[in-house]
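None of the figures in this text is laboratory data; all of them are computed from the coordinates on show. Worth saying up front: this structure is predicted, and the values here are computed from it rather than measured. Positions of Cβ are backbone-derived with ideal geometry, glycine not excepted, and every protein chain shown enters the neighbour counts.
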């Protein structure tokens, strides 16, 4: 997926003493399974996922309102359509969604790529086995959301000083009075050969005086067909390296020092 970028420096991957990851999400696109099959195998899935910490689950529904008009009466009814199942792990905090077109894991207590990848491969393998899903994956999405609080700032310029200036550059152009700025969101989408990169940069002034919250949201998506085992042996490690390189591009040495301290 590196062909999406022109001059993104590759860094030697390292583990920092502190990180700002708020959540990590990974999606596998699947086909050849029905919602009815997922719901009918709810008990079996729960039994196999419980030893991995996913002990609670419920159905995922799509709610919609339908307007029915008859000759003498008109009614609006609320209809609910089941889409699949969601399983919860309390400690660590994770969610696993199994739908008819995808399997998604969300990790809110990220402890490193190896642990994350191993867990997702294990739970996804259970879903593929129980539901008899073909092992060819039609989409892989890997998203990391970093949340960084910058405190004791006297100006917008100080708040963005820990980030690459390219991400939050509009106010610095002089268009907006810095003392009036409450928030900023930039979204960039790049796509090539069924591969997509989405960058969402958000900066929001907090109620706490002299404090801003910066969000770096990187989303990598590959829509090329790939075998299940190859997702975890090659594609996800490649995407994880790209996430690391993107983060290193997005922040300054000052923030890196904070993470290393």
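Computed from label points 7 Å out along Cα-Cβ, the spacing between residue 177 and residue 39 is 5.7 nm.
One decimal place: the segment residue 60-residue 224 gains 56.3 nm when fully extended, by the rule 0.36 nm per residue minus the C-alpha distance.
Could you work out how far helix 113-131 tilts from the main Cα principal axis of the chain, as a 0 to 90 degree angle to the nearest 10? That works out to roughly 20 degrees.
In region 164-233, Cα pairs under 8 Å separated by at least six residues give a relative contact order of 23 percent.
How high is the FRET efficiency between residue 215 and residue 12 when r is their beta carbon distance and R₀ equals 25 Å, given to the nearest 0.05? All intermediate terms of the calculation are to be shown ahead of the outcome.
Values: r = 26 Å, r/R0 = 1.04.
The formula returns an efficiency of 0.45 here.
For region 78-131, the average shadow cast by the Cα convex hull is 4.7 nm², which is a quarter of the hull's surface. Dividing the mean sequence gap of close Cα pairs (under 8 Å, 6+ apart) by how many residues the chain holds gives a relative contact order of 24 percent.
Note on residue 136/residue 164: beta-carbon distance plugged into 1/(1 + (r/R0)^6) with R0 of 45 Å gives a FRET efficiency of 0.75.
With all pairs of separate Cα atoms included, region 112-261 yields a Kirkwood hydrodynamic radius of 17.6 Å. If the chain linking residue 253 and residue 115 were pulled fully straight, counting 0.36 nm for each residue of separation and taking away their Cα-Cα distance, it would gain 46.9 nm. Multiplying the residue separation of residue 91 and residue 261 by 0.36 nm and removing their Cα-Cα distance gives an extension gain of 58.5 nm.
The residue 154 and residue 238 beta-carbon pair, evaluated with R₀ = 41 Å, returns a calculated FRET efficiency of approximately 0.50.
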